[in-house]
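Structure first, commentary second.
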């Protein structure tokens, strides 16, 4: 038996109003949440197109964009190591770096090559031992008609320490070496794991008169650079710079590190694209 009640009808109408209100409120809240979330993601460079299955920006494309932001440059850098006791040069490299192509060319001069400094002619090694870093840099610039952007100078102790910090590397030697002289060196033919002391001795062996091999010295440096210019090294660039400045002498500054951070990031992330061993200065500068 149905009993008419005006109160029941009024309650049903209120329920409908409440349901509509809740639906509208929920829809508005969901819309606000979505809009807010998208705004946050966009501020943090979220790739919406990629997340929805569209064409994502590939790493190659990102590299091109980064490459295009690196100004073209062509610079020479001077790297060398001297004996801790005598201060005479052990080995020298001149590195030419072209950006944004990431092309590296390396030349290893003879430390006994005659050069001029302050009106006096003597060997590169003698100039460094007598007058120091800036004098050697000036002498090299005049001798080879180039402009040195920066230099990194190390003695044998600093070289070994820096090499150890960078970590061991695998390097293939073309022949077995069993040398006993001013130092002892034993290497097997093929891959050898090299750290500071062994790397230094091998470079010294390549600088002896009877084994002088400038091209192989260049190959060794390129291997060291390839072992260093990696994304993992970039992650500790501040620590790497601190170790560098506390271990060797250089005119690289913290200002260089900060002002060239984008370029440094590009080189470390992408590595060496093309490498060249120069047998003489003309091949380096040509």
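Every number here is computed from the coordinates shown, using simple stated rules; none is lab data. Not measured: the values here are computed from a predicted model.
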Based on the alpha carbon coordinates of the range 165-253, what radius of gyration and maximum Cα-Cα distance (Dmax) apply, in Å? 14.8, 42
Which value results for Rg/Rh of the range 99-179 when Rg is the Cα radius of gyration and Rh the Kirkwood radius based on the inverse mean 1/r? 1.05
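Taking the alpha carbon gyration tensor of the range 71-285, what are the square roots of 5 times its eigenvalues, largest first, to the nearest whole Å? The partial results should precede the final answer.
Numbers: eigenvalues 120, 105, 58 Å².
Result for the range 71-285: semi-axes of 24, 23, 17 Å.
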If you average 1/r over every pair of different alpha-carbon atoms in the range 78-138 and take one over that average, what Kirkwood value in Å do you get? 12.4 Å
